[in-house]
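The values are calculated or read from the model by the stated rules, or taken from the named source; none is laboratory data. Since we're looking at a predicted model, the values are computed, not measured. Cβ atoms come from the backbone with ideal geometry, glycine included; neighbour counts cover every protein chain shown.
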Amino acid sequence: MKVLYIILGSISLALGIAGILLPLLPTTPFLLLTAALYFKGSSRFYNWLINHKYLGTYIRNFRENKAISLRVKIISVSLVWITILYCIFFIIDPLWLKSLLLCIAAGVSYHILSFKTLKRNNDHRLI
């Protein structure tokens, strides 16, 4: 069973990393799922993930503070809208589909912006 957790965790990790580059694929939920699966499958993989220089930060910030950094919020919302607007103006023809994409973009933006903003002051506390 541990091998299955490791395999599923690795797939989730790949999707989470892809989510860093693809605007409509979420990063943090996949990384949180990866952490849970690795926790059950392998303490070595779990510790590697939690202590990873880049990926561990996403997990720790969300688990400890339920917060997303301002930089990540700006990049995420910007990429969502750039992608959706590009599709609406250059790719998609049916009006109902354009409307649906606008609703999806608004919903994703609202969801991202609904989390607390993680800001660091000089003593590294959440503001």
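Checking each residue in segment 53-97 for being surrounded by 14 or more Cβ atoms within 10 Å (Cβ to Cβ) and not in a helix (DSSP H, G or I) picks out Ala67, Ile68, Ser69, Ile92. Every listed requirement among (1) surrounded by 11 or more Cβ atoms within 10 Å (Cβ to Cβ); (2) closer than 20 Å to Gly16 by Cα; (3) out of contact with any Phe, Trp or Tyr (no Cβ under 7 Å at 6 or more places or on another chain); (4) of a type outside the set (S, T, N, Q) is met by Lys116 save one, (2). Whenever a residue of segment 59-81 is closer than 12 Å to Ser109 by Cβ, its partners that are part of a helix (DSSP H, G or I) and β-branched (Val, Ile, Thr), lying with C-beta atoms within less than 9 angstrom and at least six residues away or across chains, give the pairs Lys73/Ile112; Ser76/Val108; Ser76/Ile112; Val77/Val108; Val77/Ile112; Val80/Ile104; Val80/Val108; Val80/Ile112. Considering only segment 91-110, I want to know if a residue exists there that is touching a residue at least 12 places away in the same chain (Cβ under 8 Å) and within 23 Å of Lys2 (Cα to Cα). No: segment 91-110 contains no residue that is touching a residue at least 12 places away in the same chain (Cβ under 8 Å) and within 23 Å of Lys2 (Cα to Cα). Go through the residues of segment 98-109 one by one and say whether even a single one is among the small types (Gly, Ala, Ser), surrounded by 15 or more Cβ atoms within 10 Å (Cβ to Cβ) and modelled with pLDDT under 90. No.
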